[in-house]
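Heads up, the thing below is written out as structure tokens.
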Ligand code: SF4
Ligand code: SF4
């Protein structure tokens, strides 16, 4: 029948519209406006509204979601930054589009290389979010971020991320990837215990 598809589509919209109010009534007033209600919109059997009014509303991302990489630093007792990266260059070698540049620090007195980056750059326009850098880093020094809101009006001036822009504390990493962080901490503690027992 001509127009049946349009009517069917309108019926789906109307049904979800009405069910939003019914669910709101059943699950609590303004349920669909709460953080829990926004999260519920991605359920496969969602009854009410399932669209998102971005950017006012945002869906929470799963732990394994990955966008751009960031460098992790630990905080010392006096709040000093202990950069985990040793400037080994493995991430730069593993990066498929070759968008990582690293300059290793040099001891000014001896001229010998020091295991800490003096400069570290990622061209985020070239990065394809594959996560290989984080996968291959032997020091858990680079991880994939959840922050996807990086739109800019001037990509040439802002999209080469340097060391300062890439560095984030381990507490941030623990916040966005709690299961990964805990697993790594446990593995590290087990390794140290085994080393101490030898
Ligand atoms: S982030 Fe990891 S793999 Fe890359 S240079 Fe630093 S320590 Fe090496
Ligand atoms: S996520 Fe992939 S493309 Fe981006 S910097 Fe890491 S290895 Fe390179």
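The set of residues in the stretch 108-128 that are closer than 10 Å to residue 95 by Cα and surrounded by fewer than 18 Cβ atoms within 10 Å (Cβ to Cβ) contains only 128. The criterion of being in contact (Cβ under 8 Å) with a residue 24 or more places away in the chain, assigned by TED's automatic domain parsing to the domain that holds residue 179 and more than 18 Å from the chain's Cα centre (by Cα) holds for residue 75.
The condition of being buried (at least 17 other Cβ atoms within 10 Å of the Cβ), in the same structural domain as residue 11 (by TED's automatic domain parsing) and free of Cβ contacts under 8 Å to residues at least 40 places away in the same chain holds for only one of 44, 87, 40, 35, that being 40.
Tally the residues that are at pLDDT 95 or above and surrounded by fewer than 15 Cβ atoms within 10 Å (Cβ to Cβ), restricting the search to the stretch 150-168. Residues in the stretch 150-168 being at pLDDT 95 or above and surrounded by fewer than 15 Cβ atoms within 10 Å (Cβ to Cβ): 2 in total.
The values are calculated or read from the model by the stated rules, or taken from the named source; none is laboratory data. Since the model is a prediction, treat every value here as computed from it, not as a measurement. Cβ: placed from backbone, ideal geometry, glycine included. Neighbour counts: every protein chain shown.
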